[in-house]
1. Once you wrap a convex hull around the alpha carbon atoms of segment 75-121, what is its projected area averaged over all directions, in nm²?
2. Work out, step by step, the length gained on full extension between Glu2 and Arg41: first 0.36 nm times the residue separation, then minus their alpha carbon distance; give nm to one decimal.
3. Rounded to the nearest 0.05, what FRET efficiency do Arg15 and Ile119 have when you use their Cβ-Cβ distance and R0 = 35 Å?
4. Based on the Cβ-Cβ distance of Glu95 and Val72, what FRET efficiency does E = 1/(1 + (r/R0)^6) give at R0 = 25 Å, to the nearest 0.05?
5. Can you classify segment 30-83 as rounded, prolate or oblate using the Cα gyration tensor, where a ≥ b ≥ c are the square roots of its eigenvalues, rounded means a/c under 1.5, and otherwise it's prolate if a/b beats b/c and oblate if not?
6. Find which of His75, Val53, His13 sits farthest along the positive direction of the dipole of the chain, computed with +1 on the beta-carbon of Lys and Arg, -1 on that of Asp and Glu, about the Cα centre.
7. Given 10 Å bins starting at zero, what is the percent of C-alpha pairs of the chain in each, up to the one with the largest pair distance?
8. Could you check the spin-label model distance between Ala87 and Ala50? Points 7 Å from the Cα along Cα→Cβ, value in nm.
Amino acid sequence: MEPIQGLDAITVHIRDPDQARDFYTRVLGFKELSFDAAAQRGTWQIPGGATLVAHVQRPDEPGRPAGTVTGVMFHVRDAQASRDEIARRGGKVDEPWKAPWGPTYVTVWDPDGNEWLLIQR
C-alpha cells in the first residue's frame, strides 16, 4: 500500500473571514460548502475534488501564519484568460510567465497575501 492515496484538503490561515469568503467564492469561483462566521471558518470545493479550508489561526494553533502560503498550483486551460477573469473580479494577479521548461504560470494573491499559482501545461 502506498502511504498517500490522494489530496483531501488544503488549509490556509486568514485574517478576515468575510474577505476570504468573497475572494474564494466570487473571485476564484470555488463552490462554498460551509461558512461559520462565529468560528471564523469556511470550506470551499476546489474543482477536481479537493477542499480548501480557510480559517483564522488561533493563538495556540501551530502552522504557518496568514499570508505565508505559497506554491499551491491550480490547473487552468488558458493562463491569460483565467488571469484576466480573476483580475476583472477584483483579484490581485501578475502577468503570465512562460517558464523555459514549458508551463505558463500566473501568481494570484488572496486578501491576506497567501500566494496561489495558476499553471497551464
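1. Details: hull surface 12.3 nm².
With the hull built on Cα positions only, its mean projection is 3.1 nm².
2. Details: separation 39, 0.36 × 39 = 14.04 nm, distance 3.16 nm.
So the extension gain works out to 10.9 nm.
3. Working: r = 27 Å, r/R0 = 0.76.
Between Arg15 and Ile119 the formula returns 0.85.
4. Working: r = 20 Å, r/R0 = 0.78.
For R0 = 25 Å, the calculated efficiency reads 0.80.
5. Details: a/c = 2.75, a/b = 1.59, b/c = 1.73.
It is oblate, given that a/c is not under 1.5 and a/b is not larger than b/c.
6. His75
7. 13, 43, 33, 10, 1
8. Roughly 2.6 nm, to one decimal.
Where a number appears in this text, it was derived from the coordinates with a stated rule and is not lab data. Predicted model only: the values in this text are computed from it and were never measured. When we count neighbours, we look across all protein chains shown, and the Cβ atoms used for this are built from the backbone with ideal geometry, even at glycine.
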